[in-house]
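Each remark here refers to the structure printed beneath this line.
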Amino acid sequence: MTIPFVDLHAQYLSLKDQIDEAIARTIANSSFVRGPDVEAFEAEYSQLMEAEHTVSCANGTDALYIAMRALGIKAGDEVITTAQSWISTSETIGQHGAKPIFVDIDPVTSTIDVSKISEKITGRTVGIIPVHLYGQMADMPALMSVAHKHNLWVIEDCAQAHLATVGGKMAGRFGDIATWSFYPGKNLGAMGDAGAITTDDPALARLMACFARHGGLIKGEHEIEGINSRLDGLQAAILRVKLPHLAEWTTRRRSVAKRYDKMLADIPEIVTPREVEGREHVYHLYVIESEDRDALAETLKSKGVPTVVNYKRALPFLPAYAHLGHRDEDFPEASRLQNRILSLPIYSELTEHQQDIVVAAVRDAVA
Ligand SMILES: *Cc1c(COP(=O)(O)O)cnc(C)c1O
């Protein structure tokens, strides 16, 4: 029996009739780009995420790009972000001619080490982009006080953290703007690319909506130059079927993770994810650490258990940033972690039987 790393088909089957109906309805209406389901989805997403405004867009990368554009980023600015994330977080800074200033990670949560932010702030710093990596939030209360002290904007990259909380407050409720991805494998996934931006600020919301839609909300009326980054009707219709299930899927992910924690606890070669007191992790990924990561991954693969490394190289060490001249010792925690991390299969539909097979394979591999 092989176990998929992510099982998108299982989720589809659980809602097949409703999803098929939503797709057929959208085709019958020909509402392919924006349309009634897009507007309804934006309202429903705002309500669930407790935000005043949702601006949908084509994907989570565009969401970051558009958010920074609305905050007035310009060439030569510096934006502080974490050393450990998917490249969307930093590449969108560079796309505005600005410079990503990486900060090392906290070794417990793999999110930005807030105590190391202040030393990186210069006269050119305009904002901070924390990432709630793997589904656990960064230390947002502490980060927001640094941001307020230095008058910096904050964009929360929530692509992996739908419904995560810190101190009972949800991801996306701290910064000026939050960005979301509905890439199929994310905790809330479309059947193609999709993304959104949330904010409480009506002026920012309007500017972002304009920018994402060729600079205007009314066809033919272009107030500014924009881009084309719209949510399509099929994705919105599918996301509307899935949205009411996000909370129960999140609970299920958390119980799968807790079961892994328990079953793997007595294996000294493995470090399981650490959920910090007061933070509710939503386990987009279940990332373990092992000294001998590559050998472990190989053995698991031979036993039919797929794993992924998220991510093989921390951002400062990617060829894309070679020109910045970063060295391992500049980011000791990110540099150490990139060789130790391994993501095990996790999703709400993962059965106990499948999980038992994964755990048995891990146990065998380290024996
Ligand atoms: C997935 C992801 C993104 C980008 O989302 P897309 O929808 O794939 O463009 C951005 N940041 C993080 C941390 C992500 O995991």
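The values are calculated or read from the model by the stated rules, or taken from the named source; none is laboratory data. A quick note: this is a predicted structure, and the numbers were derived from the prediction, not measured. Cβ sites come from the backbone with ideal geometry, for glycine too, and all protein chains shown count toward neighbours. With ligands, DNA and RNA removed, areas are computed over all heavy atoms of the protein, side chains included. Shrake-Rupley method; radii C 1.70, N 1.55, O 1.52, S 1.80 Å.
Quick check: from the Cα gyration tensor, does segment 65-194 come out rounded (a/c under 1.5), prolate or oblate? Here segment 65-194 falls in the oblate category. Centroid-to-centroid, using Cα positions, segment 115-187 and segment 252-275 are 25 Å apart. Put +1 on the Cβ of every Lys and Arg and -1 on every Asp and Glu Cβ in the chain; which of Ala58, His9, Ser30 then has its Cα farthest towards the positive end of the dipole? Checked the options; the winner is Ser30.
Radius of gyration (Cα atoms) of segment 319-367, expressed as a multiple of 2.2 N^0.38 Å: 1.80. Among the trypsin sites (Lys or Arg not before Pro) found in segment 177-232, those both in a DSSP coil and sparsely packed, with 10 or fewer other Cβ atoms within 10 Å of their Cβ, are Lys219. Dividing the summed helix terms, -39500 (n - 2.57) for each DSSP H run of n ≥ 4, by the number of residues in the chain produces a 222 nm estimate of -11000 deg cm²/dmol to the nearest 500. Measuring with a 1.4 angstrom probe and ignoring ligands and nucleic acids, His148 comes out at about 130 Å² accessible. For segment 85-143, the relative contact order comes to 30 percent (Cα pairs under 8 Å, sequence separation of at least 6).
Please find, in a Gaussian network model of the chain (springs between Cα atoms separated by less than 10 Å), the residue of Pro306, Pro141, Pro130 whose mean-square fluctuation is greatest. Among Pro306, Pro141, Pro130, the largest mean-square fluctuation in the Gaussian network model of the chain belongs to Pro141.
Considering only Glu225, Glu275, Glu156, the mean-square fluctuation computed in a Gaussian network model of the chain, springs between alpha carbons under 10 angstrom, is largest for Glu225.
For the chain, the fraction of 1.4 Å probe accessible surface lying on carbon and sulfur atoms is 52 percent.
Spherically averaged projected area of the convex hull of Cα atoms, segment 32-101: 5.8 nm².
Calculated from the alpha-carbon coordinates, the chain shows an Rg and a Dmax of 20.6, 67 Å respectively. Restricting the calculation to Cα atoms, segment 265-330 shows an Rg/Rh of 1.05 when the hydrodynamic-style radius is the Kirkwood one. When the chain is treated as a GNM with alpha-carbon contacts under 10 Å, the residue of Leu217, Leu64, Leu204 showing the greatest mean-square fluctuation is Leu217.
Taking other residues whose beta carbon is less than 14 angstrom from the beta carbon of Gly185, and scoring Lys, Arg as +1 and Asp, Glu as -1, yields 0. With contacts taken as Cα pairs under 8 Å and at least 6 residues apart, segment 39-113 reaches a relative contact order of 26 percent. Each residue, Glu21 and Leu48, gets one label point 7 Å from its Cα in the Cβ direction; the gap between the two is 1.8 nm. Summarise the long-distance tail of P(r) for segment 245-366 by giving the % of C-alpha pairs beyond 26 Å. Everything past 26 Å amounts to 27 percent. The simple Förster model, with R0 at 35 Å and r as the Cβ-Cβ distance, assigns Phe32 and Arg206 a FRET efficiency of 0.90. With contacts taken as Cα pairs under 8 Å at a separation of at least 6 residues, segment 8-243 carries a relative contact order of 27 percent. When nucleic acids and ligands are ignored and a 1.4 Å probe is applied, Lys312 ends up with an accessible area of around 150 Å².
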